[in-house]
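Notes to accompany the following structure.
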Amino acid sequence: MRAAAASRQVIVVGAGVTGLLTAVECARAGHRVTLLDRGPVPNPGSSSSDQHRVIRTLSADGADATGRMVAAHRRWLELEALLGAGFYRRVGVVTARPREQLASVTAAAAAAGVPVRTVEPQRLPHLAFPAGSAAVLEADGGVLLADRVLRAAVRWLTGHPAVSVRPYSPVVRIDVDCAHVLLAGGEKLGADLVLVAAGPWTRDLVEHQVVLHRQTMVYLRPPADAARWWRTAPAAGGIGADGRAWAMPPGGGALLKISSDAVAREVPSTSGSTQEDQAPWVERLARAAPLSGLERYTVAAVKECHYACAADTGGAVLARVGPAVWSRAACGGSGFSQAPLVAGRIVDALMKGAA
Ligand SMILES: Cc1cc2nc3c(=O)[nH]c(=O)nc-3n(C[C@H](O)[C@H](O)[C@H](O)COP(=O)(O)OP(=O)(O)OC[C@H]3O[C@@H](n4cnc5c(N)ncnc54)[C@H](O)[C@@H]3O)c2cc1C
């Protein structure tokens with residue numbers, strides 16, 4: 001249980017999932033929040049804005065990482081109730097694993113209390129598995145309907161008396177020593193704590209050793225004979241010939257979506273993405289062969305999205321970059337589903353500052 005904290009002024013830069021959920025948690029903890037975004041809120045140009053994002057409960061990175069995923073999963077269930085919106089489809093997540101790893105993966109899951117079972121590839125006929133693999137099904141994983149999450153959080157925040165949501169407020173500089181934020185119009189704001197959650201653009205505002213990536217995603221309509229199977233299909237990872245592809249099932253208003261690490265590439269900046277020809281990347285994704293009979297699916301849309309990961313670990317970055325300034329660079333993989341944990345860390349930091 002948390003002790004009551006003195007009310008603090010918090011500025012959150014960036015209204016993607018990280019900024020929105022941090023604003024929610026700070027307001028719930030009794031703090032005053034100003035949420036700034038350079039565009040509309042929610043911003044369709046944010047890396048959070050999409051039809052869906054996967055949420056897992058089991059990590060390949062060990063027991064601590066699995067513990068964090070389970071904690072985030074629990075928090076998402078609470079957020080659905082708090083924000084008064086249905087945005088979590090608990091359809092499960094299957095991940096292809098080499099058969100020789102199945103016993104150790106299921107034992108690790110059992111030790112962590114995460115419900116999993118193995119599934120033979122023939123039970124998942126529209127997904128293509130690497131040779132010699134079988135699927136591990138995480139029953140508690142599934143799909144977060146991302147745009148619904150963002151809209152629900154914005155609705156909650158705009159109705160909260162201690163929160164000021166300010167769209168079209170680009171931040172041009174952060175003074176990390178004094179926790180001051182300078183807006184493009186010349187306005188200067190100060191706070192007890194600043195979180196810079198500007199996604200792949202965080203590195204433009206604060207020093208971060210991150211590598212920027214762009215990834216192509218393809219949205220599909222299944223052929224008529226597969227549509228019924230897809231209605232209750234799980235999300236899938238580790239699929240395709242090389243085990244680097246993933247698929248997000250259709251449902252809840254979302255289309256089927258596929259991508260692969262094979263179509264993630266390092267880029268110097270986010271600019272110029274709209275000029276890039278996506279056709280070669282779509283072809284490369286087709287060669288990754290994540291689905292059986294992919295040629296029978298209809299391409300409904302193609303989109304690219306950016307993420308930044310730590311130059312040394314390749315993982316997510318949440319750093320304290322000044323006495324009262326924190327920053328989060330949007331990572332790939334689990335950045336959306338882990339956002340409630342970032343929010344929790346910021347509320348904890350405020351508690352410690354108030355002690
Ligand atoms: C292809 C792809 C697939 C992914 N799949 C998954 C998945 O399945 N599951 C998962 O958990 N994660 C996934 N992720 C990662 C996840 O989407 C991101 O980590 C997460 O959405 C980042 O959210 P954010 O709020 O930190 O940043 P963003 O959503 O990018 O929000 C940043 C906000 O900051 C604003 N901003 C930028 N600069 C300024 C400025 N100067 N002043 C004011 N505002 C500014 C932007 O307008 C934007 O609204 C995926 C990522 C990619 C690229």
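The numbers here are math on the coordinates, done by the rules we state, and not lab data. Not measured: the values here are computed from a predicted model. Cβ: placed from backbone, ideal geometry, glycine included. Neighbour counts: every protein chain shown.
Most exposed first by the Cβ proxy, i.e. fewest other Cβ within 10 Å, how do Met217, Met351, Met248 rank?
Result, fewest neighbours first: Met351, Met217, Met248.
Magnitude of the charge dipole for the chain, about its Cα centre and with charges confined to Cβ atoms of Lys, Arg (+1) and Asp, Glu (-1), is about 800 debye. In a reduced charge model with +1 at each Lys and Arg Cβ and -1 at each Asp and Glu Cβ, the range 183-338 shows a dipole moment near 460 debye about its Cα centre.
Working from Cα pairs under 8 Å separated by at least six residues, relative contact order for the chain is 24 percent. Its alpha carbons give the range 1-138 an Rg and a Dmax of 19.2, 58 Å. The alpha-carbon atoms of the chain define a convex hull whose volume equals 135 cubic angstrom per residue. Taking 12 Å as the straight-line reach from the Cα of Lys303, the aspartates and glutamates in range (excluding those fewer than 8 positions away in the same chain) are Asp50, Glu276, Asp277.
Shape of the range 108-261 from its Cα gyration tensor (a ≥ b ≥ c, root eigenvalues): rounded if a/c is under 1.5, otherwise prolate when a/b > b/c, or oblate?
Judged from the Cα gyration tensor, the range 108-261 comes out prolate (a/c at least 1.5, a/b above b/c).
Think of the chain as a dipole: +1 on every Lys or Arg Cβ, -1 on every Asp or Glu Cβ, centred on the Cα centre; then among Tyr219, Ala107, Ser7, Ser7 lies furthest on the positive end.
Secondary structure note: in the chain, about 75% of the DSSP beta bridges are antiparallel. Think of each Lys and Arg Cβ as +1 and each Asp and Glu Cβ as -1; about the Cα centre, that makes the dipole of the range 130-240 roughly 540 debye. Comparing Glu25, Glu276, Glu138 in a Gaussian network model of the chain (Cα springs below 10 Å), the most mobile by mean-square fluctuation is Glu276.
When Asp61, Asp37 are ordered from fewest to most other Cβ atoms inside 10 Å of their Cβ, what list results?
Details: Asp61 10, Asp37 26.
By the 10 Å Cβ count, ascending: Asp61, Asp37.
Simple rule: put +1 on each Lys or Arg Cβ and -1 on each Asp or Glu Cβ in the chain, find the dipole, and look at Ala85, Leu193, Gln209; the Cα lying farthest toward the positive end is Ala85.
The phi-based Karplus calculation (6.51 cos²θ - 1.76 cosθ + 1.60; θ = phi - 60°) puts the 3J(HN,Hα) values of the range 187-202 at 5, 10, 10, x, 8, 6, 8, 10, 10, 9, 10, 8, x, x, 9, 4 Hz, whole numbers, x for Gly and Pro. Among His213, His160, His73, the largest mean-square fluctuation in a Gaussian network model of the chain, built with springs joining Cα atoms closer than 10 Å, belongs to His160. Kirkwood-type hydrodynamic radius, the range 141-205: 14.0 Å, calculated from all non-identical alpha-carbon pairs. Evaluating 6.51 cos²θ - 1.76 cosθ + 1.60 at θ = phi - 60° for every residue in the range 167-177, the Karplus couplings come out as x, 6, 10, x, 8, 10, 8, 10, 8, 6, 7 Hz, glycine and proline recorded as x.
For the range 241-246, backbone phi angles converted through the Karplus equation (6.51, -1.76, 1.60; θ = phi - 60°) give residue-by-residue couplings of 4, 9, x, 10, 9, 9 Hz, Gly and Pro being listed as x.
As a proxy for reagent exposure, ranking Ser327, Ser59 by other Cβ atoms within 10 Å from fewest up yields Ser59, Ser327.
Projecting the Cα atoms of Tyr297, Pro323, Gln278 onto the charge dipole of the range 270-327, computed from C-beta unit charges around the Cα centre, puts Pro323 farthest toward the positive end.
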